[in-house]
1. Considering only the range A:159-188, how many residues are surrounded by fewer than 19 Cβ atoms within 10 Å (Cβ to Cβ) and either farther than 14 Å from A:K148 by Cβ or without any contact (Cβ under 8 Å) to a residue 12 or more places away in the chain (or both)?
2. Which one is nearest to the other protein chains (Cβ to nearest Cβ) among residues in the range C:201-244 that are of a type in the set (V, I, T) and not in a loop (DSSP other than H, G, I, E, B)?
3. Say whether the condition of being within 14 Å of chain C (Cβ to nearest Cβ), in contact (Cβ under 8 Å) with a residue 12 or more places away in the chain, aliphatic (A, V, I, L, M) and part of a strand (DSSP E or B) is met by at least one residue in the range A:26-40.
4. Any residue that is crowded, with 22+ Cβ neighbours inside 10 Å, hydroxyl-bearing (S, T, Y) and not assigned by TED's automatic domain parsing to the domain that holds C:T60 - is there at least one of those in the range C:186-200?
5. If I filter the range B:78-87 for residues that are surrounded by fewer than 18 Cβ atoms within 10 Å (Cβ to Cβ) and in a helix (DSSP H, G or I), do I get at least one hit?
6. Given the criteria assigned to a strand (DSSP E or B) and within 14 Å of chain A (Cβ to nearest Cβ), does B:V39 qualify?
7. Any residue at all in the range A:105-124 that's within 22 Å of A:Y221 (Cβ to Cβ), of a type in the set (A, V, I, L, M) and away from chain B (no Cβ under 14 Å)?
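The values are calculated or read from the model by the stated rules, or taken from the named source; none is laboratory data. Keep in mind that this is a model prediction, so the values were computed, not measured. Because the Cβ atoms are built from the backbone with ideal geometry, glycine has one as well, and the counts that use them run over all protein chains shown.
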Amino acid sequence: MSKEVIEQVVTYLTPNVPIVPISQGAEAFVFTTNVHPYNASACKTAGDIPVKYIIKYRPPKKYRHPSIDKTLTKHRTLSESRILAKLSQVPGLHVPKLIACDVYNGCIWIEFIGEDLPESHGFSNLKNFLWMYKTDPYNIAVEKVLFKVGEQIGLLHWNDYCHGDLTTSNLVLHQENGDWSPYLIDFGLGSASTLVEDKGVDLYVLERAIISTHSKFADKYNEWILMGFKSVYENEGKKGQQKLKDVIKRFEEVRLRGRKRSMLG
Amino acid sequence: MPYESIPQFDTRGVCVSLFRDVKNIEELRSKVGTMPFAVIDASCVCCREQLFSAVYKALIEWKYNRLRTKALHSECILSLSPTSNIGEAFRRFGIKEGTRNIICLAVVGKNETQTSELFDVVDGEEVELSDENLGSMFDLEMIKKVCWPLKVFQ
Amino acid sequence: MVNLNSVPPKNGQCYLALGLEGSANKLGVGIIKHPFLSKHENSDLSHYCEMEILSNIRDTYVTPPGEGFLPRDTARHHRNWVVRLVRRALQEANVSDPSQLDTICFTKGPGMGAPLHSVVILARTLSIMWDVPLVGVNHCVGHIEMGREITKAENPVVLYVSGGNTQVIAYSENCYRIFGETLDIAIGNCLDRFARTLKIPNEPSPGFNIEQLAKKSLNKQDLVELPYTVKGMDLSMSGILGYVDSLAKDLFNKNTKNKILFDPKTGEQLVTVEDICYSLQENLFAMLVEITERAMAHVNSNQVLIVGGVGCNVRLQEMMATMCRDRSNGQVHATDERFCIDNGVMIAQAGLLQFRMGNVVKDLSETVVTQKFRTDEVYVAWRE
């Protein structure tokens, strides 16, 4: 991870906010911290485990003109925050809570979701979870989780939002009363969209992700996810049925053409 | 005096107090704008998180010279509002006729000493600014009205 | 491991290939030589063929300022010149007996139908005349293989930017997979059409002239704000073109109502044509670099290869280099105008690789050219 960027973040956050880098994407760096940005009392209330927060930082990109960079950083930080804020109000949909956002520096603070899986299977995202069950791939626990994953995506789409980058690492499992409950994270490419195309692509991207990481059991896995997805729409009566038909039809079309349109030279 | 710090802004601190049954609301209302602190109607604030997230937001805007109101203290009130309408924010979150409980909030430099008598002008019973106390004072109907576009309250 | 020597060369020592390219307004003929080396028998060295360029001849159909090239006229240009170019290429390469050639490679697509046709007809004729097998090549794959051979980049993310294409490509499992691409017009097309609006010369190329104008901008701090249209991994450019076109028209018509171009009070002109060119380039290239960076993060690569006509643009190369510097061990590979712009050598290179894997045209019915031919439809046998 680029040292320079970390220095930038440390200067910006001041030494009062110690950070631990956890990942670097093309657009953003992700850190964890134990310090709440403004509500000091929130850090103390979590019993023995220190509460963690995620800081997502979009560093300035030197290759582009400063004025383009500023507008983009601001726009994207704001739009990601907005989506998170809106989605956290959808009943039943699980997304991490937005805590703070500084659009001028491209920084957002989010609630930390997830934990470490038992027996050093890594962080509790869907990818590692499925790997953990690779010796018992059709366990009822897996089916339950994947069904819930489908429900989450169904809820997202039913409310006319799209994720834009659905991969197995962007689904994080959080334990609630002994049950795993999937959370959608990273809405960096997310958008509010009523287009069936966007929804179809979302489903296709996740299907591809499942196939590429767990190809042997992918058919069953994708079937479970789709079952969950459909259940959300089917609960919405006739209108839901119609919309579901449209989305699934488009999903199959997208799958046929492999996401990409045929293009003229 | 209760004093809160915002980790990212280490040169600043927040003095904040909650007053119950304030008797000189009219006097305070006439002085709004001249007092060195923000006066907020406690019936619009349900918890500390809500209050401090607004302070944090105002501080960010202040740091980058993007204040939309005249001063940091008024910006704190505006930041409580889900809209960017300044007049409406003051009407809703500022003190008004019938206000009984208030929150006084001042953002001060770390080493400023005059803070102890800062809120002396308020004639009311000072109580701890805790989620519990705030929870007993706030008006759910009011919050619903303010945040009407948000799905969750429909 | 891949065996690039599965088909031995005619003369036992080296492969000779003739490449014919004419998918757009450039007509290119190139002859290359690959030595027959034992190290290619069992390795993954398709980017290290030790290619030697014997000749690389190109003729561009140039239209007057303000005009684009039409398929019919372009095809006529190609028909008129292609025989002469092949003669010159053979002469320069010192190939006295063309039947020595191991293969004749032609562009199968994508491109404009009529120009592609006029070139493939010659390719078929030569193949029958000299009894040399044909290989049909995907134009985009030609660019990629050429770039790899010249720069020796082993497994780069490829940014392919030209008049007809804008794609970010990465190799995976015998296929050049497209990670992101334009949803409407290509970047070169966008620049060409803007050049037409500005009525600047098409010589040597519209994009080059825009680049020169952009360099002359005196107001580089204040960018004219343009739409920034990256959509996930893809991008869209027709909106930007429409917008800069309208700006340029307002500028030429002295439409003082336009507050971006003219001071609303004094009517003073605030923005020049040069400024618009500069802003357009900055904006478009930022979008390209962004999707390239995304693809790099996706496939965990630290090399970028820029190919295609727009790849000659120095500012684009500069921006790409800046992006790479911020990634660990990032490297940018770009070629100069000899290889960036469409040419015959690249078709010969990709075609020869295909030939060496034993993939040749068996019947002339396989030589039908096609306007639509996606990069990911090609089975890349010569790579692991």
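1. Going through the range A:159-188 one residue at a time, the tally reaches 6.
2. It comes out as C:V230.
3. Scanning the range A:26-40 turns up at least one residue that is within 14 Å of chain C (Cβ to nearest Cβ), in contact (Cβ under 8 Å) with a residue 12 or more places away in the chain, aliphatic (A, V, I, L, M) and part of a strand (DSSP E or B).
4. Scanning the range C:186-200 turns up no residue that is crowded, with 22+ Cβ neighbours inside 10 Å, hydroxyl-bearing (S, T, Y) and not assigned by TED's automatic domain parsing to the domain that holds C:T60.
5. Yes, the range B:78-87 has at least one match.
6. No: the conditions fail for B:V39.
7. Yes, the conditions are met somewhere in the range A:105-124.
The rows are residues; the columns are (1) surrounded by fewer than 21 Cβ atoms within 10 Å (Cβ to Cβ); (2) over 18 Å from C:L305 (Cβ atoms).
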{"site": "C:G113", "(1), (2)": "yes, yes"}
{"site": "C:M129", "(1), (2)": "yes, yes"}
{"site": "C:V135", "(1), (2)": "no, yes"}
{"site": "C:V141", "(1), (2)": "no, no"}
{"site": "C:R148", "(1), (2)": "no, no"}
{"site": "C:K152", "(1), (2)": "yes, no"}
{"site": "C:N155", "(1), (2)": "yes, no"}
{"site": "C:V158", "(1), (2)": "no, no"}
{"site": "C:S162", "(1), (2)": "no, no"}
